[in-house]
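Visitor: Got a structure for you, written out below as structure tokens; questions coming shortly.
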Amino acid sequence: MIFGIGVDVLEAARVKKVHDRYGEHFVERLLLPGERAQLDKTKRKERFLAMRFAAKEAIVKAMGTGFAHGVWIRDVGVVQNSWGRPEVVYSPRGEKVRRKLGIGSGFVTLTDEAGLIVAVAVLEAAEKPARPVVDARRKTVRRKSERKPGTRRK
């Protein structure tokens, strides 16, 4: 089940202007360590920063928190896996908020065209544990998921 969807559109030139003004300080305030490691390997740094900024915005919109309610810009992020697929990641504080809200897996897609960056994030609701079923005859409690297939609840 979908927990939330977030979208962000950003002019790449705005991020370039901020990066030109604040330099390394901006990078340190924006990126998680995993994102920072990937930035160091990329040739198009301003594009990378703009995409990460848009992704973070889309993720917190999908969470429903924005950059408030215990979530800061360095609490969510995106890193590419070995295939280049972007994956949603959280800082320890972001992970705590994610669990508290009941958010499971996260997905994000990024694209850029004509100086615009677009990020779309979809967050799934975490799976809830099966509720207990009381078997009065045996006086035992077991999870609904432990019931044998084809048997009905009495």
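The values are calculated or read from the model by the stated rules, or taken from the named source; none is laboratory data. The structure displayed is predicted, hence computed values, not measured ones. Glycine gets a Cβ as well: all are built from the backbone with ideal geometry, and neighbour counts include every protein chain shown.
Visitor: Quick check on this structure: which one of 28, 24, 57 is among the acidic types (Asp, Glu) and within 19 Å of residue 113 (Cα to Cα)?
Guide: Details: 28 fails: within 19 Å of residue 113 (Cα to Cα); 24 fails: within 19 Å of residue 113 (Cα to Cα).
Being among the acidic types (Asp, Glu) and within 19 Å of residue 113 (Cα to Cα) holds for just one of 28, 24, 57, which is 57.
Visitor: Given the criterion more than 22 Å from the chain's Cα centre (by Cα), modelled with pLDDT of 95 or more and more than 17 Å from residue 60 (Cα to Cα), identify the matching residue among 36, 21. Talk me through it step by step, then tell me what you get.
Guide: On the way: 36 fails: more than 22 Å from the chain's Cα centre (by Cα).
Being more than 22 Å from the chain's Cα centre (by Cα), modelled with pLDDT of 95 or more and more than 17 Å from residue 60 (Cα to Cα) holds for just one of 36, 21, which is 21.
Visitor: If you don't mind, another one. I'd like the residue in region 17-62 that is outside any helix (DSSP H, G or I) and of a type in the set (D, E, K, R) and, out of all such residues, is surrounded by the most Cβ atoms within 10 Å (Cβ to Cβ). Steps first, answer last, please.
Guide: Of the residues in region 17-62, the ones outside any helix (DSSP H, G or I) are 23, 31-32, 40-44.
The next check asks that each one be of a type in the set (D, E, K, R); those that pass are 40-41, 43-44.
On the way: 40: 9, 41: 8, 43: 6, 44: 11.
Ranking the candidates gives 44 first.
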